[in-house]
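Below: one structure, written as structure tokens.
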Amino acid sequence: METKHDHIKSAIVELEFEEYRKRVLNKFKTEDYINWQNFLEKLDYNLVLKNDTTSNNASFTAIAPLNRRHENVTIKDYLIIQKSVFKDFICIYIKSKIVVLHKNSEIAYPWFVIASNEGYYEHIFSDIYMLLTEYFSNCVYVPYRAFYLKLDTKFETEKNAYDLIFGYEGDITRYPVIGNKYFSP
């Protein structure tokens, strides 16, 4: 019986290492890159983007700090938007850390991930996804739960689905998750 994530698995498992390498190295010479740049120009939310597509990873990546401060608490949030260079796979999540100022010293709590449109970010996931569909009409949102998939690939090292599809943070599943891991806009 076919599972919900079989299309994600099959797209990556069949990929040969040389093809993977070639797509990563040539990602700036593609129409997808032009579409990604156009998407970033139209993205709103008063974001200060730290566009991070320059490294040799498997995606176009945009990072925007969304820091907030409440009295002696700072919430360091980073909105991360990614589009794979292999298929029109998209992911959106927020990497977050809470820092409390207490008696002139900082207490930093561990990083965690916001995986769906929760609380303060109620609309941001769906709004960004809708904008992405204007530039990548066949895009498929990869829910956070799919990142846990272990894939039996032709690569020498075992990798999780996130690392193979987007390749930005390695094992992002190491962070605790807030929100619905199955969320899809």
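Taking Cβ atoms as reference points and 12 Å as the exclusive limit, the residues near residue 85 contribute a net charge of +3, counting Lys and Arg as +1 and Asp and Glu as -1.
Here each label is just a point 7 Å from Cα along the line to Cβ, and for residue 181 and residue 34 those points are 4.0 nm apart. Provide the FRET efficiency to the nearest 0.05 for the residue 23-residue 122 pair, computing r from the beta carbons and using R0 = 25 Å. Efficiency for this residue pair is about 0.10.
Packing, taken as the mean count of other beta carbons within 10 Å per residue, orders the peptides 121-128, 173-180 from highest to lowest as 121-128, 173-180. Of the peptides 34-42, 64-72, the ranking by mean beta-carbon count within 10 Å, highest at the top, reads 34-42, 64-72.
A simple spin-label model places pseudo-atoms 7 Å from Cα toward Cβ; at residue 101 and residue 133 they are separated by 4.3 nm. Shown in residue order for the range 69-84 are the 3J(HN,Hα) couplings computed by the Karplus curve 6.51 cos²θ - 1.76 cosθ + 1.60 at θ = phi - 60°: 10, 9, 6, 9, 10, 10, 10, 9, 10, 10, 6, 10, 10, 9, 10, 5 Hz (x for Gly and Pro).
Every number in this text was worked out from the coordinates using simple rules, so none of it is lab data. These numbers come from a predicted model, not from an experiment. Here Cβ is always computed from backbone atoms with ideal geometry, including for glycine, and neighbour counts include all displayed protein chains.
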